[in-house]
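The structure under discussion appears below in the form of structure tokens.
The values are calculated or read from the model by the stated rules, or taken from the named source; none is laboratory data. Everything quoted here is computed from the prediction, not taken from an experiment. FYI the Cβ positions are ideal-geometry reconstructions off the backbone, even for glycines, and counts take in every protein chain you see.
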């Protein structure tokens, strides 16, 4: 999801909350984002959230699950995001490199259908700031 603005971030988190059936029934995007964070913190299943072009580490930190099986990838040109987890410097990846990186880092099996859907939604993005949830639970 786009993380360039707080409004865009909340809208993206709300969409994810809706898909996972944890959205606020009143439609409050901030409450939906909070409920999503709680859900992902307690969820044991594996998952992946990508925050693209993030600009505010402190603002993003509020929405990151403190534990759980969800892997977080943050792309940004702002080096202050390194405080959230392991920084991986990358140039633009080829499509094959992007999916290989996701498979290796997040342990996801990406089907051809998933790859096509991902490409339509995201294009070929550099995956710059992986954050492992279990290791960084104390920092959030």
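Among the residues of segment 35-52, is any surrounded by 14 or more Cβ atoms within 10 Å (Cβ to Cβ), touching a strand residue (DSSP E or B) at 6+ places or on another chain (Cβ under 8 Å), at pLDDT below 85 and part of a loop (DSSP other than H, G, I, E, B)? Within segment 35-52, not a single residue is surrounded by 14 or more Cβ atoms within 10 Å (Cβ to Cβ), touching a strand residue (DSSP E or B) at 6+ places or on another chain (Cβ under 8 Å), at pLDDT below 85 and part of a loop (DSSP other than H, G, I, E, B). Evaluated against (1) within 16 Å of the chain's Cα centre (by Cα); (2) modelled with pLDDT under 75; (3) surrounded by fewer than 19 Cβ atoms within 10 Å (Cβ to Cβ); (4) assigned to a helix (DSSP H, G or I), residue 82 falls short on exactly one condition, (2).
Condition check ((1) outside any helix (DSSP H, G or I); (2) within 13 Å of the chain's Cα centre (by Cα); (3) surrounded by 15 or more Cβ atoms within 10 Å (Cβ to Cβ); (4) at pLDDT 85 or above) across all residues:
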| residue | (1), (2), (3), (4) |
| --- | --- |
| 54 | yes, yes, yes, yes |
| 59 | no, no, no, yes |
| 64 | yes, yes, yes, yes |
| 67 | yes, no, yes, yes |
| 77 | yes, no, no, no |
| 88 | yes, no, no, no |
| 91 | yes, no, no, no |
| 100 | no, no, no, no |
| 115 | no, no, yes, no |
